[in-house]
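What follows is a short report on a single structure.
The values are calculated or read from the model by the stated rules, or taken from the named source; none is laboratory data. Here the structure is a predicted model, which means the values were calculated and not measured. Ideal geometry is used to build each Cβ from the backbone, glycine not excepted, and the neighbour counts take in all protein chains shown. Accessible surface areas use protein heavy atoms only, side chains included; no ligands, DNA or RNA. Shrake-Rupley method; radii C 1.70, N 1.55, O 1.52, S 1.80 Å.
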Amino acid sequence: MMTYDETVRYLYDSTPVFEHVGASAYKEGLDDTQALDEHFGHPHRCYKTIHVAGTNGKGSCSHTLAAILQSAGCKVGLYTSPHLVDFRERIRVNGMCISEKRIVDFVEQERSFFEPLHPSFFELTTALAFKYFAEQQVDIAVIEVGLGGRLDCTNIITPLLSVITNISFDHTRFLGNTLAKIAGEKAGIIKKGVPVVIGETTAETRPVFAARAREVGAPIRFAEDAPVVRSSVALSGGGREYRLSDGRTVCGELSGDYQEANMNTVLTAVEELHRQGIALSESDVEQGIAAVSVLTGLMGRWQRLRERPLAVCDTGHNVGGWNYLVGQIKAQPCRRLRIVFGMVDDKDIDRILAMLPREADFYWTQASSHRAIPAAQVAGKAAAIGLRGRSYATVGEAWQQALADASPEDFIFVGGSSYVVADLLALPKAG
């Protein structure tokens, strides 16, 4: 029998993995997913589900909804991607990762069935998650879409509620090169009679969602039309205070400026869950949002790594995410701004580099992913538009140099890619 490490390596080596190789791992269609689902007896029908899609914010929203449901006493499955440090982060029950043994056993027991199918890594992982949640007898599972929606292998579920956070440009090779086309793919999770909450829209995307909801008879609610969250402010010690439409203020653990929009989506979704018979008290909501990371294991969302110098990492990796991040980075009071930065090959690097603060000292780097843009290439593009910095072969080297250069009054930001953050958090004493 393989060890856990050997099993994970087998999964990476034997199935196409989008995070590692990109486009060649993308499989259109649900045939393999449906074959796996039938083989395992349609396990997702054994529990309630919430389906979460969107370009940005779906991870934060999924984890926050799971934390609120846990605070209400539910046994909650949570399926997200990608992982940052350990494959097991993708599949959790009440914040606890699936065991190494269960993953090893799954592969040993089922490989004779799935190997002839040649499923993708994500198809196989999704089948494992759905089966594991049934085995654990969860009350409800929060299921995050992998890529897109319409043809994503999570889209075999019929949830209590669908949530689409927002739309911006990402994975355009697969989802389309206009916001309307991308919205059309994400809208594919909207199902007959199932309520859907839309977090943020644009003039291009709103009609797409409205049309899909009408087509399938799904009640639709646009969270921005009657905001539950009126305003928010970052707290000096971390976290965020939200002022709600009913006059209450609540404090959330997550700090990023983008969390204001996410929280409005989440609290609108909570109101819809009430209508579906899921009783969530004000106390459940407050406890959940105050302890998202503790309850669910969420990492990498404006995560504070140390205080002097203040160092933060964030997984924001596309133009939509950086629209929020740039303002928050620039707003940090500091003697000098230092940014450890790298990207992968399917992102709009030119547009994001153009957004970065000119006054920063940059530490250009590359994640260990095969899809990472070489640090020298990032540095060359950056130098051409006047950004100053040096190149480092690994995230660890860039991070250590930024720390060595920094005074206690400096601010260090690490990001540009989920994989840069993953490499950082895997370092001893980084997180």
Quiz item: Rg (Å, one decimal) plus Dmax (Å, integer) for the alpha carbons of segment 267-399?
Solution: 18.5, 57
Practice problem: Please list 321-330, 60-69, 296-305 highest first by mean number of surrounding beta-carbon atoms within 10 Å per residue. | Solution: 60-69, 296-305, 321-330
Self-check item: 17 Å Cα cut-off, lysine pairs counted over segment 4-296 (separation 8 or more, or different chains)
Solution: 8
Quiz item: Ignoring ligands, DNA and RNA, what percent of the 1.4 Å accessible area of the chain is carbon and sulfur?
Solution: 49
Quiz item: Want the number for A211 to M1: 0.36 nm per residue separation, take away the alpha-carbon distance, what's left?
Solution: 70.5 nm
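Which value, in debye to the nearest 20, describes the size of the charge dipole of segment 303-426 about its Cα centre when Lys and Arg Cβ atoms bear +1, Asp and Glu Cβ atoms bear -1, and nothing else is charged?
Roughly 220 debye for segment 303-426.
Mean residue ellipticity at 222 nm from the helices of the chain, using -39,500 (n - 2.57) per DSSP H segment of n ≥ 4 over the full residue count, to the nearest 500 deg cm²/dmol?
Computed ellipticity for the chain at 222 nm equals -11500 deg cm²/dmol.
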Quiz item: Per the Debye formula with a single identical scatterer at each Cα and no solvent contribution, what log10 I(q)/I(0) holds for the chain at q = 0.07 Å⁻¹?
Solution: -0.32
Practice problem: Would you work out the charge dipole size for the chain about its Cα centre, treating the Cβ of every Lys and Arg as +1 and the Cβ of every Asp and Glu as -1, and quote it to the nearest 20 debye? | Solution: 780
Practice problem: For the chain, report the accessible area per residue in Å² (1.4 Å probe, heavy atoms, rounded to an integer). | Solution: 39
Quiz item: If R0 is 22 Å, what FRET efficiency do you get for Y10 and A35 from their C-beta distance, rounded to 0.05?
Solution: 0.65
Practice problem: Counting only C-alpha contacts under 8 Å and six or more residues apart, can you give the relative contact order of the chain as a whole percent? | Solution: 16
